[in-house]
Amino acid sequence: MSQINREELKRISDKNMDTFYNYLRLESVSAQGRQIKETAKAVQNLIENIGGEAKVLELEDAHPVVYGFFEAGPAGDSDKTLLFYDHYDVQPEDPLDEWNTAPFEPTVKDGILYARGVSDNKANLMARINAIEAYKNTAAGLPVNVKFFVEGEEEIGSPHVDEYLKAYTDLFAADVCIWESGSKDSEERLGVSAGIKGIAYYEARVDSADIDMHSSLAAIADNSAWRLVQALASMRNVKNEITIDGFYDIMTPPTELEKKVLDQMPFDPDASKQTYGLKQPLITDQLPYSPKEALAFYPTLTISGLLSGYTGPGTKTVLPRQAMAKIDVRLVPGYEPDKVTQILRNHLDKHGFEDVELELITSVMPFRTNLEDPFVKTVMDSAKKVYGEDKVVLEPNSAGTGPMYGFGKYLNVPILGSGTEWSKSGAHAPNENIRLADFYQGVEHMVVLLDSYKHSRK
Ligand SMILES: [Zn+2]
(Lines give C-alpha, C1' and ligand atoms only; values in the text may rest on other atoms or scores of the structure.)
Protein backbone atom coordinates (compact mmCIF):
# COMPACT_ATOMS: atom_id res chain seq x y z
CA MET A 1 0.00 0.00 0.00
CA SER A 2 1.09 3.53 -0.59
CA GLN A 3 1.99 5.79 2.29
CA ILE A 4 -0.37 8.58 1.26
CA ASN A 5 -3.51 8.82 3.34
CA ARG A 6 -6.99 9.73 2.20
CA GLU A 7 -6.99 13.11 4.00
CA GLU A 8 -3.86 14.17 2.16
CA LEU A 9 -5.42 13.19 -1.19
CA LYS A 10 -8.52 15.19 -0.39
CA ARG A 11 -6.42 18.19 0.65
CA ILE A 12 -4.54 18.14 -2.67
CA SER A 13 -7.71 17.58 -4.70
CA ASP A 14 -9.45 20.48 -2.94
CA LYS A 15 -6.44 22.75 -3.37
CA ASN A 16 -6.53 22.01 -7.13
CA MET A 17 -10.28 22.54 -7.49
CA ASP A 18 -9.90 26.05 -8.94
CA THR A 19 -7.47 24.75 -11.54
CA PHE A 20 -9.88 21.91 -12.33
CA TYR A 21 -12.78 24.37 -12.73
CA ASN A 22 -10.74 26.54 -15.06
CA TYR A 23 -10.02 23.46 -17.15
CA LEU A 24 -13.78 22.70 -17.27
CA ARG A 25 -14.51 26.30 -18.32
CA LEU A 26 -12.56 25.81 -21.54
CA GLU A 27 -15.06 25.16 -24.34
CA SER A 28 -13.00 22.49 -26.07
CA VAL A 29 -15.69 21.27 -28.47
CA SER A 30 -13.70 19.40 -31.11
CA ALA A 31 -16.59 19.10 -33.58
CA GLN A 32 -16.69 22.91 -33.76
CA GLY A 33 -12.98 23.56 -33.27
CA ARG A 34 -13.63 25.77 -30.22
CA GLN A 35 -10.76 26.67 -27.82
CA ILE A 36 -8.74 23.64 -28.89
CA LYS A 37 -5.28 25.27 -28.79
CA GLU A 38 -6.05 26.98 -25.44
CA THR A 39 -7.13 23.69 -23.91
CA ALA A 40 -4.08 21.80 -25.16
CA LYS A 41 -1.99 24.57 -23.57
CA ALA A 42 -3.97 24.20 -20.32
CA VAL A 43 -3.18 20.47 -20.26
CA GLN A 44 0.50 21.27 -20.79
CA ASN A 45 0.30 23.64 -17.80
CA LEU A 46 -1.44 21.03 -15.63
CA ILE A 47 1.50 18.69 -16.22
CA GLU A 48 4.28 21.29 -15.95
CA ASN A 49 2.83 22.91 -12.83
CA ILE A 50 3.45 19.74 -10.83
CA GLY A 51 6.95 19.22 -12.17
CA GLY A 52 6.30 17.11 -15.27
CA GLU A 53 7.74 17.51 -18.72
CA ALA A 54 5.15 18.36 -21.37
CA LYS A 55 5.05 18.98 -25.10
CA VAL A 56 2.24 20.05 -27.37
CA LEU A 57 2.65 17.93 -30.52
CA GLU A 58 1.11 18.93 -33.80
CA LEU A 59 0.40 17.23 -37.11
CA GLU A 60 -1.07 18.95 -40.13
CA ASP A 61 -4.86 19.41 -40.03
CA ALA A 62 -5.04 17.64 -36.67
CA HIS A 63 -5.83 18.95 -33.20
CA PRO A 64 -2.74 18.86 -30.99
CA VAL A 65 -1.83 15.93 -28.77
CA VAL A 66 -0.24 16.71 -25.40
CA TYR A 67 2.64 14.51 -24.32
CA GLY A 68 3.50 14.38 -20.63
CA PHE A 69 6.25 12.68 -18.67
CA PHE A 70 7.04 12.19 -14.98
CA GLU A 71 10.07 10.22 -13.92
CA ALA A 72 9.88 7.57 -11.19
CA GLY A 73 11.05 8.95 -7.82
CA PRO A 74 14.13 7.92 -5.78
CA ALA A 75 12.31 4.89 -4.33
CA GLY A 76 10.49 4.10 -7.57
CA ASP A 77 11.10 1.58 -10.34
CA SER A 78 12.25 3.55 -13.37
CA ASP A 79 12.18 0.39 -15.53
CA LYS A 80 8.40 0.54 -15.58
CA THR A 81 6.36 3.11 -17.47
CA LEU A 82 2.61 3.54 -17.22
CA LEU A 83 0.84 5.54 -19.92
CA PHE A 84 -2.42 7.40 -19.30
CA TYR A 85 -4.68 7.95 -22.30
CA ASP A 86 -7.06 10.91 -21.93
CA HIS A 87 -8.72 13.47 -24.18
CA TYR A 88 -9.24 17.17 -23.59
CA ASP A 89 -12.01 17.66 -26.14
CA VAL A 90 -15.73 17.49 -25.32
CA GLN A 91 -19.04 17.01 -27.12
CA PRO A 92 -21.14 20.02 -28.19
CA GLU A 93 -23.31 21.26 -25.28
CA ASP A 94 -26.64 21.49 -27.08
CA PRO A 95 -29.58 21.23 -26.50
CA LEU A 96 -28.81 24.21 -24.27
CA ASP A 97 -32.33 24.65 -22.89
CA GLU A 98 -32.15 21.22 -21.26
CA TRP A 99 -29.23 22.25 -19.03
CA ASN A 100 -30.08 23.36 -15.47
CA THR A 101 -26.75 25.18 -15.19
CA ALA A 102 -24.40 26.82 -17.70
CA PRO A 103 -22.53 23.94 -19.37
CA PHE A 104 -19.15 25.62 -19.18
CA GLU A 105 -19.58 27.03 -15.69
CA PRO A 106 -18.81 24.16 -13.30
CA THR A 107 -21.49 24.06 -10.61
CA VAL A 108 -21.74 21.88 -7.49
CA LYS A 109 -25.15 20.89 -6.13
CA ASP A 110 -25.65 18.22 -3.46
CA GLY A 111 -22.18 16.82 -3.94
CA ILE A 112 -22.56 16.58 -7.71
CA LEU A 113 -20.37 18.58 -10.07
CA TYR A 114 -22.04 19.60 -13.32
CA ALA A 115 -20.17 20.68 -16.45
CA ARG A 116 -19.81 19.66 -20.09
CA GLY A 117 -16.93 17.20 -20.37
CA VAL A 118 -16.57 16.61 -16.64
CA SER A 119 -17.31 12.87 -16.85
CA ASP A 120 -16.01 12.43 -20.39
CA ASN A 121 -13.20 12.88 -19.63
CA LYS A 122 -11.80 15.95 -17.86
CA ALA A 123 -12.27 14.69 -14.28
CA ASN A 124 -10.26 11.56 -15.01
CA LEU A 125 -7.30 13.57 -16.27
CA MET A 126 -7.53 15.78 -13.17
CA ALA A 127 -7.74 12.76 -10.83
CA ARG A 128 -4.54 11.41 -12.38
CA ILE A 129 -2.79 14.77 -12.01
CA ASN A 130 -3.83 14.98 -8.34
CA ALA A 131 -2.54 11.45 -7.66
CA ILE A 132 0.82 12.29 -9.22
CA GLU A 133 1.09 15.51 -7.22
CA ALA A 134 0.48 13.54 -4.01
CA TYR A 135 3.43 11.29 -4.83
CA LYS A 136 5.65 14.21 -5.84
CA ASN A 137 5.17 15.59 -2.29
CA THR A 138 6.65 12.44 -0.72
CA ALA A 139 10.33 11.64 -0.30
CA ALA A 140 9.90 8.34 -2.17
CA GLY A 141 8.32 10.09 -5.16
CA LEU A 142 6.46 8.38 -7.97
CA PRO A 143 6.47 4.55 -7.88
CA VAL A 144 7.00 4.23 -11.67
CA ASN A 145 7.50 6.47 -14.71
CA VAL A 146 4.27 8.02 -15.91
CA LYS A 147 3.46 9.28 -19.40
CA PHE A 148 0.39 11.02 -20.77
CA PHE A 149 -1.17 10.94 -24.22
CA VAL A 150 -3.94 13.55 -24.18
CA GLU A 151 -5.68 14.04 -27.50
CA GLY A 152 -8.21 16.60 -28.75
CA GLU A 153 -10.21 14.60 -31.30
CA GLU A 154 -11.71 11.71 -29.34
CA GLU A 155 -15.24 13.06 -29.67
CA ILE A 156 -14.90 13.22 -33.44
CA GLY A 157 -13.60 9.67 -33.78
CA SER A 158 -9.85 10.15 -33.11
CA PRO A 159 -8.94 10.39 -36.81
CA HIS A 160 -5.25 11.16 -36.13
CA VAL A 161 -4.38 9.02 -33.09
CA ASP A 162 -2.67 6.33 -35.16
CA GLU A 163 -0.69 8.96 -37.09
CA TYR A 164 0.52 10.52 -33.84
CA LEU A 165 1.45 7.13 -32.41
CA LYS A 166 3.29 6.20 -35.59
CA ALA A 167 5.19 9.50 -35.67
CA TYR A 168 6.02 9.45 -31.94
CA THR A 169 6.23 5.73 -31.13
CA ASP A 170 9.48 6.13 -29.14
CA LEU A 171 8.24 9.16 -27.22
CA PHE A 172 5.12 7.33 -26.02
CA ALA A 173 6.83 3.97 -25.43
CA ALA A 174 5.36 2.40 -22.28
CA ASP A 175 4.74 -0.97 -20.66
CA VAL A 176 1.09 -0.64 -19.72
CA CYS A 177 -1.76 1.77 -20.39
CA ILE A 178 -4.70 3.07 -18.38
CA TRP A 179 -7.59 4.15 -20.59
CA GLU A 180 -9.60 7.37 -20.16
CA SER A 181 -12.71 6.14 -18.44
CA GLY A 182 -14.59 3.77 -16.18
CA SER A 183 -18.02 4.05 -14.62
CA LYS A 184 -19.90 2.72 -11.64
CA ASP A 185 -23.12 0.93 -12.58
CA SER A 186 -26.51 1.31 -10.90
CA GLU A 187 -25.35 -1.13 -8.18
CA GLU A 188 -22.27 1.06 -7.47
CA ARG A 189 -19.82 -1.41 -9.03
CA LEU A 190 -16.88 0.03 -10.96
CA GLY A 191 -16.51 -1.41 -14.45
CA VAL A 192 -12.93 -2.00 -15.60
CA SER A 193 -12.95 -2.57 -19.33
CA ALA A 194 -10.24 -4.49 -21.21
CA GLY A 195 -11.33 -3.86 -24.76
CA ILE A 196 -13.50 -1.98 -27.22
CA LYS A 197 -15.34 -2.83 -30.39
CA GLY A 198 -14.26 -1.32 -33.69
CA ILE A 199 -16.59 0.10 -36.30
CA ALA A 200 -17.00 0.14 -40.05
CA TYR A 201 -19.45 2.82 -41.16
CA TYR A 202 -20.91 2.68 -44.67
CA GLU A 203 -23.11 4.54 -47.04
CA ALA A 204 -25.08 2.32 -49.43
CA ARG A 205 -26.61 4.00 -52.50
CA VAL A 206 -28.87 2.97 -55.33
CA ASP A 207 -29.42 5.04 -58.45
CA SER A 208 -32.12 3.44 -60.59
CA ALA A 209 -32.98 6.06 -63.21
CA ASP A 210 -31.90 9.44 -64.57
CA ILE A 211 -35.06 11.16 -63.32
CA ASP A 212 -37.82 10.58 -60.76
CA MET A 213 -40.84 9.07 -62.50
CA HIS A 214 -44.63 9.18 -62.20
CA SER A 215 -45.48 6.19 -60.03
CA SER A 216 -47.88 4.79 -62.65
CA LEU A 217 -44.64 3.57 -64.23
CA ALA A 218 -44.14 1.29 -61.25
CA ALA A 219 -46.02 -1.20 -63.44
CA ILE A 220 -42.81 -1.66 -65.43
CA ALA A 221 -39.93 0.23 -63.77
CA ASP A 222 -38.10 -0.72 -60.60
CA ASN A 223 -37.29 1.98 -58.04
CA SER A 224 -34.31 2.66 -55.83
CA ALA A 225 -36.14 2.40 -52.53
CA TRP A 226 -37.24 -1.17 -53.26
CA ARG A 227 -33.81 -2.15 -54.54
CA LEU A 228 -32.15 -0.84 -51.41
CA VAL A 229 -34.53 -2.36 -48.86
CA GLN A 230 -34.36 -5.71 -50.66
CA ALA A 231 -30.57 -5.58 -50.56
CA LEU A 232 -30.64 -4.70 -46.85
CA ALA A 233 -33.22 -7.39 -46.11
CA SER A 234 -30.92 -9.99 -47.63
CA MET A 235 -28.41 -9.22 -44.87
CA ARG A 236 -30.53 -10.07 -41.83
CA ASN A 237 -33.47 -12.44 -41.42
CA VAL A 238 -36.53 -11.99 -39.22
CA LYS A 239 -34.84 -14.04 -36.49
CA ASN A 240 -32.25 -11.24 -36.37
CA GLU A 241 -29.47 -13.48 -37.63
CA ILE A 242 -26.97 -11.72 -39.86
CA THR A 243 -27.21 -13.65 -43.12
CA ILE A 244 -24.30 -12.07 -44.98
CA ASP A 245 -22.32 -14.95 -46.50
CA GLY A 246 -19.19 -15.65 -44.46
CA PHE A 247 -19.90 -12.85 -41.98
CA TYR A 248 -19.37 -14.90 -38.82
CA ASP A 249 -16.52 -16.99 -40.27
CA ILE A 250 -13.84 -14.34 -39.64
CA MET A 251 -14.69 -13.84 -35.96
CA THR A 252 -11.94 -14.75 -33.49
CA PRO A 253 -13.89 -16.80 -30.95
CA PRO A 254 -13.62 -15.65 -27.33
CA THR A 255 -11.11 -17.60 -25.22
CA GLU A 256 -12.16 -19.78 -22.30
CA LEU A 257 -10.84 -17.12 -19.91
CA GLU A 258 -12.78 -14.36 -21.68
CA LYS A 259 -15.93 -16.44 -21.45
CA LYS A 260 -15.31 -17.12 -17.77
CA VAL A 261 -14.76 -13.43 -17.02
CA LEU A 262 -17.94 -12.54 -18.91
CA ASP A 263 -19.82 -15.18 -16.96
CA GLN A 264 -18.92 -13.42 -13.71
CA MET A 265 -20.04 -10.07 -15.06
CA PRO A 266 -23.46 -9.06 -13.73
CA PHE A 267 -25.98 -8.06 -16.36
CA ASP A 268 -29.69 -7.39 -16.10
CA PRO A 269 -31.46 -7.55 -19.48
CA ASP A 270 -34.64 -6.09 -17.99
CA ALA A 271 -32.74 -2.96 -16.95
CA SER A 272 -31.94 -2.25 -20.64
CA LYS A 273 -35.58 -2.78 -21.57
CA GLN A 274 -36.65 -0.31 -18.88
CA THR A 275 -33.96 2.30 -19.45
CA TYR A 276 -34.76 2.58 -23.15
CA GLY A 277 -38.44 1.74 -23.04
CA LEU A 278 -37.89 -1.05 -25.58
CA LYS A 279 -41.08 -1.94 -27.42
CA GLN A 280 -39.73 -5.21 -28.84
CA PRO A 281 -38.10 -8.20 -27.13
CA LEU A 282 -34.28 -8.20 -27.12
CA ILE A 283 -33.02 -9.48 -30.46
CA THR A 284 -30.92 -12.05 -28.63
CA ASP A 285 -34.14 -13.85 -27.58
CA GLN A 286 -33.97 -15.57 -30.98
CA LEU A 287 -30.19 -15.80 -31.26
CA PRO A 288 -27.96 -18.66 -30.11
CA TYR A 289 -26.01 -16.38 -27.76
CA SER A 290 -26.91 -14.32 -24.68
CA PRO A 291 -27.34 -10.51 -24.46
CA LYS A 292 -24.10 -10.32 -22.47
CA GLU A 293 -22.20 -12.28 -25.12
CA ALA A 294 -23.79 -10.15 -27.82
CA LEU A 295 -22.61 -6.95 -26.15
CA ALA A 296 -19.06 -8.16 -25.48
CA PHE A 297 -18.14 -10.71 -28.13
CA TYR A 298 -20.33 -10.42 -31.24
CA PRO A 299 -20.36 -8.02 -34.17
CA THR A 300 -23.48 -6.02 -35.03
CA LEU A 301 -25.12 -4.87 -38.25
CA THR A 302 -27.21 -1.71 -37.97
CA ILE A 303 -29.21 0.41 -40.36
CA SER A 304 -28.47 3.82 -38.88
CA GLY A 305 -30.45 5.82 -41.44
CA LEU A 306 -32.58 5.51 -44.57
CA LEU A 307 -33.38 8.15 -47.17
CA SER A 308 -35.46 7.94 -50.32
CA GLY A 309 -38.41 9.40 -52.19
CA TYR A 310 -41.01 11.80 -50.87
CA THR A 311 -41.30 12.09 -47.08
CA GLY A 312 -43.08 15.45 -46.71
CA PRO A 313 -46.69 16.08 -45.65
CA GLY A 314 -49.56 14.69 -47.70
CA THR A 315 -49.00 12.65 -50.82
CA LYS A 316 -46.74 12.71 -53.80
CA THR A 317 -46.77 9.63 -55.99
CA VAL A 318 -43.31 9.14 -57.33
CA LEU A 319 -40.78 6.46 -58.22
CA PRO A 320 -37.69 7.58 -56.33
CA ARG A 321 -34.62 7.33 -58.52
CA GLN A 322 -32.23 7.46 -55.57
CA ALA A 323 -32.03 5.74 -52.20
CA MET A 324 -29.41 5.83 -49.51
CA ALA A 325 -28.77 3.97 -46.26
CA LYS A 326 -26.22 4.52 -43.53
CA ILE A 327 -24.98 1.22 -42.13
CA ASP A 328 -22.75 0.61 -39.14
CA VAL A 329 -21.02 -2.60 -38.28
CA ARG A 330 -19.47 -2.92 -34.80
CA LEU A 331 -16.34 -5.03 -35.02
CA VAL A 332 -14.79 -7.54 -32.66
CA PRO A 333 -11.37 -9.22 -32.95
CA GLY A 334 -10.97 -10.90 -36.35
CA TYR A 335 -12.89 -8.17 -38.19
CA GLU A 336 -10.90 -5.62 -40.14
CA PRO A 337 -12.84 -2.89 -41.94
CA ASP A 338 -11.42 -3.77 -45.38
CA LYS A 339 -12.22 -7.46 -44.88
CA VAL A 340 -15.78 -6.56 -43.85
CA THR A 341 -16.17 -4.34 -46.93
CA GLN A 342 -15.11 -7.24 -49.13
CA ILE A 343 -17.56 -9.61 -47.45
CA LEU A 344 -20.44 -7.12 -47.83
CA ARG A 345 -19.55 -6.48 -51.47
CA ASN A 346 -19.34 -10.19 -52.29
CA HIS A 347 -22.68 -10.76 -50.61
CA LEU A 348 -24.40 -7.98 -52.56
CA ASP A 349 -22.93 -9.14 -55.87
CA LYS A 350 -23.82 -12.77 -55.26
CA HIS A 351 -27.43 -11.87 -54.49
CA GLY A 352 -27.91 -9.78 -57.63
CA PHE A 353 -27.34 -6.37 -56.06
CA GLU A 354 -24.28 -5.36 -58.12
CA ASP A 355 -25.92 -1.95 -58.60
CA VAL A 356 -25.94 -1.19 -54.87
CA GLU A 357 -22.95 1.03 -54.26
CA LEU A 358 -21.19 0.58 -50.96
CA GLU A 359 -18.73 3.11 -49.59
CA LEU A 360 -16.74 2.80 -46.38
CA ILE A 361 -17.01 6.26 -44.79
CA THR A 362 -15.03 5.75 -41.60
CA SER A 363 -13.61 2.90 -39.57
CA VAL A 364 -11.93 2.01 -36.29
CA MET A 365 -10.21 -1.29 -35.55
CA PRO A 366 -11.30 -3.39 -32.55
CA PHE A 367 -8.95 -4.09 -29.64
CA ARG A 368 -9.03 -6.47 -26.69
CA THR A 369 -6.33 -6.81 -24.03
CA ASN A 370 -5.11 -10.34 -23.37
CA LEU A 371 -6.76 -11.17 -20.06
CA GLU A 372 -3.78 -13.38 -19.13
CA ASP A 373 -1.61 -10.26 -18.92
CA PRO A 374 -0.51 -9.69 -15.28
CA PHE A 375 -1.50 -6.02 -15.55
CA VAL A 376 -5.17 -7.10 -15.58
CA LYS A 377 -4.80 -8.54 -12.09
CA THR A 378 -2.79 -5.52 -10.93
CA VAL A 379 -5.55 -3.12 -11.97
CA MET A 380 -8.34 -5.30 -10.60
CA ASP A 381 -6.62 -5.87 -7.23
CA SER A 382 -5.82 -2.16 -6.84
CA ALA A 383 -9.42 -1.24 -7.63
CA LYS A 384 -10.77 -3.78 -5.13
CA LYS A 385 -8.58 -2.23 -2.42
CA VAL A 386 -10.25 1.13 -3.01
CA TYR A 387 -13.80 0.24 -4.08
CA GLY A 388 -14.35 -3.04 -2.23
CA GLU A 389 -13.84 -6.71 -3.06
CA ASP A 390 -17.24 -7.20 -4.70
CA LYS A 391 -17.55 -3.69 -6.11
CA VAL A 392 -15.29 -4.05 -9.17
CA VAL A 393 -16.29 -5.82 -12.37
CA LEU A 394 -13.92 -6.79 -15.16
CA GLU A 395 -15.49 -6.36 -18.60
CA PRO A 396 -13.54 -8.34 -21.23
CA ASN A 397 -14.86 -5.99 -23.90
CA SER A 398 -17.06 -2.92 -23.81
CA ALA A 399 -19.84 -2.65 -26.39
CA GLY A 400 -18.65 0.79 -27.50
CA THR A 401 -15.84 2.01 -29.75
CA GLY A 402 -12.62 3.92 -29.11
CA PRO A 403 -9.11 4.38 -30.47
CA MET A 404 -7.36 1.62 -28.48
CA TYR A 405 -6.08 -0.30 -31.47
CA GLY A 406 -3.17 2.04 -32.32
CA PHE A 407 -1.88 1.86 -28.74
CA GLY A 408 -1.82 -1.92 -28.96
CA LYS A 409 -0.25 -1.87 -32.41
CA TYR A 410 2.46 0.76 -31.96
CA LEU A 411 3.15 0.53 -28.22
CA ASN A 412 2.22 -3.12 -27.62
CA VAL A 413 0.67 -2.38 -24.22
CA PRO A 414 -2.16 -4.02 -22.28
CA ILE A 415 -4.96 -1.46 -21.83
CA LEU A 416 -7.52 -1.20 -19.04
CA GLY A 417 -9.94 1.55 -18.09
CA SER A 418 -10.76 3.13 -14.76
CA GLY A 419 -12.63 6.31 -14.05
CA THR A 420 -14.83 8.51 -11.91
CA GLU A 421 -18.17 8.27 -13.72
CA TRP A 422 -21.38 6.84 -12.27
CA SER A 423 -24.57 5.45 -13.76
CA LYS A 424 -26.12 8.90 -14.14
CA SER A 425 -23.10 10.87 -15.39
CA GLY A 426 -24.84 11.54 -18.70
CA ALA A 427 -21.79 11.75 -20.94
CA HIS A 428 -22.65 13.62 -24.18
CA ALA A 429 -26.03 14.64 -22.66
CA PRO A 430 -27.26 17.84 -20.96
CA ASN A 431 -26.40 18.14 -17.22
CA GLU A 432 -23.31 15.95 -17.54
CA ASN A 433 -21.91 15.37 -14.06
CA ILE A 434 -19.79 13.38 -11.63
CA ARG A 435 -20.20 12.87 -7.89
CA LEU A 436 -17.38 14.51 -5.94
CA ALA A 437 -17.13 11.43 -3.70
CA ASP A 438 -16.38 9.35 -6.81
CA PHE A 439 -13.77 11.88 -7.84
CA TYR A 440 -11.86 11.58 -4.55
CA GLN A 441 -12.12 7.79 -4.82
CA GLY A 442 -10.79 7.97 -8.37
CA VAL A 443 -7.74 9.91 -7.15
CA GLU A 444 -7.17 7.26 -4.51
CA HIS A 445 -7.44 4.47 -7.07
CA MET A 446 -4.77 6.08 -9.22
CA VAL A 447 -2.48 6.39 -6.17
CA VAL A 448 -2.97 2.73 -5.18
CA LEU A 449 -2.68 1.55 -8.79
CA LEU A 450 0.70 3.24 -9.36
CA ASP A 451 2.04 1.62 -6.21
CA SER A 452 0.56 -1.79 -7.07
CA TYR A 453 2.07 -1.63 -10.54
CA LYS A 454 5.51 -0.94 -9.06
CA HIS A 455 5.24 -4.11 -6.97
CA SER A 456 3.77 -6.31 -9.70
CA ARG A 457 5.74 -8.66 -11.93
CA LYS A 458 6.33 -7.16 -15.34
ZN1 LIG B 1 -17.26 10.95 -25.34
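In percent, what relative contact order does region 163-278 have, based on Cα pairs under 8 Å that are 6 or more apart in sequence?
Values: 32 pairs, mean separation 11.5, N = 116.
Relative CO of region 163-278 lands at 10 percent.
How do I220, I242 stack up against each other in accessible area, from largest to smallest, with a 1.4 angstrom probe? Don't skip to the end; give the middle numbers.
Details: I220 145, I242 20 Å².
So, going from the largest accessible area down, we get I220, I242.
Rounded to the nearest 10 Å², what accessible area does H214 show when all protein chains are kept and the probe is 1.4 Å?
Per-residue accessible area (H214): approximately 120 Å².
Within region 164-184, whose backbone N sits under 13 Å from a point 7 Å along Cα→Cβ of K391?
Residues 184 qualify, since their backbone N sits under 13 Å from the label point.
Quick check: pseudo-label points 7 Å beyond the Cα along Cα→Cβ at E163 and A140, how many nm apart are they?
For E163 paired with A140, the spin-label model returns 4.3 nm.
Starting from the Cα-Cα distance between T275 and E372, subtract it from 0.36 nm times their residue separation and give me the gain in nm to one decimal. Working shown, then result.
On the way: separation 97, 0.36 × 97 = 34.92 nm, distance 3.40 nm.
Additional length available on full extension: 31.5 nm.
Can you figure out the FRET efficiency of H214 with K37, using R₀ = 60 Å and their beta-carbon distance, to the nearest 0.05? Mind dumping the intermediate values first?
Values: r = 56 Å, r/R0 = 0.93.
Computed FRET efficiency for H214 and K37 comes out at 0.60.
Work out the length of the dipole vector of region 308-401 about its Cα centre, built from +1 on the beta-carbon of each Lys and Arg and -1 on the beta-carbon of each Asp and Glu, and round it to the nearest 20 debye.
On the way: 12 positive and 14 negative charges, 65 e Å.
The dipole magnitude comes to about 320 debye.
If each of R457 and K316 carries a label point 7 Å out from its Cα toward its Cβ, how far apart are those two points in nm?
7.0
Note down the relative contact order for the chain as a percent, whole number, built from C-alpha pairs under 8 angstrom at least six residues apart.
After rounding, I find 26 percent.
Quickly rank 396-407, 180-191 as a protection proxy: mean count of other C-beta atoms within 10 Å, highest first. Before the final figure, lay out the partial values.
Values: 396-407: 22.0, 180-191: 19.4.
The densest-packed peptide leads the list: 396-407, 180-191.
Relative to the present Cα-Cα distance, how much length would full extension add between D263 and V238 at 0.36 nm per residue of separation?
Between D263 and V238, full extension yields 6.2 nm more.
Taking a ≥ b ≥ c as the square roots of the Cα gyration tensor eigenvalues, with a/c under 1.5 meaning rounded and otherwise prolate when a/b beats b/c, else oblate, which class fits region 70-164?
On the way: a/c = 5.18, a/b = 1.62, b/c = 3.19.
Oblate, because a/c is 1.5 or more while a/b does not exceed b/c.
How would region 39-115 be classified by its alpha-carbon gyration tensor: rounded, prolate or oblate, with rounded meaning a/c under 1.5 and the a/b versus b/c comparison settling the rest? Walk me through the numbers on the way to the answer.
On the way: a/c = 3.06, a/b = 1.69, b/c = 1.80.
Note, shape of region 39-115 comes out oblate.
Tell me the relative contact order for region 253-367 as a rounded percent, counting alpha carbon contacts under 8 Å between residues six or more apart.
Value for region 253-367: 20 percent.
Expressed as a whole percentage, what fraction of the accessible surface of the chain belongs to carbon and sulfur atoms when a 1.4 Å probe is rolled over the protein heavy atoms? Spell out each step's value before the answer.
Numbers: 10220 of 20790 Å².
Carbon and sulfur together cover 49 percent of it.
Taking Cα centroids, how far is region 399-440 from region 257-301 in Å?
If we compute the Cα centre of each part, the gap is 21 Å.
What's the FRET efficiency of N49 with A102 using the Cβ-Cβ distance as r and R₀ = 30 Å, to the nearest 0.05? If you can, show how the numbers build up before the last one.
Details: r = 26 Å, r/R0 = 0.87.
So, using R0 = 30 Å, E works out to roughly 0.70.
With every protein chain kept in the model, how would you rank Y168, Y276, Y67 by accessible area, 1.4 Å probe, largest at the top? Walk me through the intermediate numbers first.
Numbers: Y168 65, Y276 165, Y67 10 Å².
Putting Y168, Y276, Y67 in descending order of accessible area: Y276, Y168, Y67.
In a shell of Cβ-Cβ distance under 10 Å around Q286, excluding Q286 itself, what net charge do Lys and Arg (+1) and Asp and Glu (-1) give? Show your work: numbers first, answer last.
On the way: positive: K239; negative: E241, D285.
Neighbourhood net charge equals -1.
Within 10 Å, count the other beta carbons around each residue, average over each peptide in 251-261, 75-85, and list them highest first.
Details: 251-261: 14.6, 75-85: 19.5.
Peptide ranking by packing, descending: 75-85, 251-261.
Calculated from DSSP H runs of 4 or more alone, at -39500 (n - 2.57) each and per residue, what is the 222 nm mean residue ellipticity of the chain, nearest 500?
Details: 12 runs with 136 residues, N = 458.
Computed ellipticity for the chain at 222 nm equals -9000 deg cm²/dmol.
Counting only heavy atoms of protein chains, what accessible area per residue, in Å², does the chain have with a probe of 1.4 Å? Working shown, then result.
Numbers: 20790 Å² over 458 residues.
For the chain, the solvent-accessible area averages 45 Å² per residue.
Could you tell me which of rounded, prolate or oblate describes the chain, using a ≥ b ≥ c as the square roots of the eigenvalues of the alpha-carbon gyration tensor, with rounded for a/c under 1.5 and, failing that, prolate when a/b is larger than b/c and oblate otherwise?
Numbers: a/c = 2.02, a/b = 1.78, b/c = 1.14.
Taking the square roots of the gyration eigenvalues as a ≥ b ≥ c, the chain is prolate.
Using 0.36 nm per residue, how much length does the chain from E203 to L282 gain when fully extended, once their Cα-Cα distance is taken away?
Working: separation 79, 0.36 × 79 = 28.44 nm, distance 2.62 nm.
Answer, rounded to one decimal: 25.8 nm.
The values are calculated or read from the model by the stated rules, or taken from the named source; none is laboratory data. Here the structure is a predicted model, which means the values were calculated and not measured. For neighbour counting, all protein chains shown are included, and Cβ atoms are generated from backbone atoms with ideal geometry for every residue, glycine included. Accessible surface areas use protein heavy atoms only, side chains included; no ligands, DNA or RNA. Shrake-Rupley method; radii C 1.70, N 1.55, O 1.52, S 1.80 Å.
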